[in-house]
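Report on the structure given below.
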């Protein structure tokens, strides 16, 4: 058995590991040793306030012993069963999810995480409809596996072209702050703005041929690409277009689900029931890897006498299912969804204050504890502080100052994302927002007159 001390974690990790989304020489990971609640500590004992729930996933906070004990008990009793078998946690979790998912989403296919959930949602949609095209948005991210990366519209997809899944057609997000359609008409009403983007989708459907399109897939609230919240009427309009043209609606709730927006699922804000809904991250609060595809009863019934040709060795892994059961129970017992809703209102006040104080803040967006600060060089032209798909010296310095001050945030291009664990309280929110407040002085100094 190899024993190491904390000071050896970083050098040994750099020597033997291969890192994602990075040039290997450029990687500089934080050597994390422990975590509790909304904080984690590195190998030097430095404490960080986790303002991103690690990767928008530790919704119930770190170190909850109720979930840890559930995992340990399941490991002692039955650590694994083949996917063709069933177990007590498999039976319980399906029933629990059916009680909290919207409408008649009451059948669940369990995967290892969000990407695999999205992969299987595509397969199910194509098999059920007999059609092959999937429409997805340009500012979406759906995962790093081949099919999910094909659905992804952002630049992470480009490195792998042309060796991706065929049949994906991308369309524009209803992103009002950077609307392609309304640069010369920024005062357009919300209703007309929404209708223009619905017309854009319908025109694309007609060009591509409704009889070739299996599904429209979208992040209910776009995540890493800026927390883009759909305007009222948009999601309902997409649902109507799907019904009109016999197209399935797939909502990716991997990031926005399980309380993140102040509802169990983001679709609940607009009373829309998708045909398929994917989930992961908050499903277990990342205490164990798990994803799922929720489907309506009629879709599940289609496969009653037809083979579904897909599977995973770790499908319905008992330890992960036990973690999910315990996580949902914790969320209910501690009223975590309600806390996310209440703290979301507090967070919005903080964000609005930053927007009023700092000249480099172009816009703030939030829904529950899912939020973004758009940082710009010029409020009038809306020039971003960092170019699309890149960074800048100012954003790099801002990011470093946040870390130096013990605040862990996700900084993506010119956007600061604020997505803390849903158990956060007012004083902890204020603590983190004060650090961001100070760091924005760096970008204020770069604002063009």
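Restricting attention to segment 66-333, close to 40% of DSSP beta bridges with both partner residues there are antiparallel. In the chain, the calculated helix contribution to ellipticity at 222 nm averages -11500 deg cm²/dmol per residue, counting -39,500 (n - 2.57) for every DSSP H run with n ≥ 4. When the alpha-carbon atoms of segment 375-449 are used, the pair Rg, Dmax equals 12.9, 41 angstrom.
One Cα centroid belongs to segment 381-449, the other to segment 241-268; the line between them spans 28 Å.
At q = 0.10, 0.11, 0.14 Å⁻¹, what log₁₀ I(q)/I(0) does segment 66-333 have when each alpha carbon counts as one equal point scatterer in the Debye sum? Summing over Cα pairs of segment 66-333 leads to -0.50, -0.60, -0.96. Spatially, segment 1-47 and segment 137-197 are offset by 35 Å when compared through their Cα centroids. Packing, taken as the mean count of other beta carbons within 10 Å per residue, orders the peptides 378-390, 309-321 from highest to lowest as 309-321, 378-390. When peptides 75-85, 241-251, 398-408, 266-276 are sorted by average Cβ neighbour count within 10 Å, with the highest value leading, the order is 266-276, 241-251, 398-408, 75-85. The packing ranking, built from the mean of other Cβ atoms within 10 Å per residue, places the peptides 28-35, 438-445 in the order 438-445, 28-35, highest first.
Read the figures in this text as sums done on the coordinates, not as results from a lab. The model shown is predicted, which means the values in this text are computed figures rather than measured ones. Cβ: placed from backbone, ideal geometry, glycine included. Neighbour counts: every protein chain shown.
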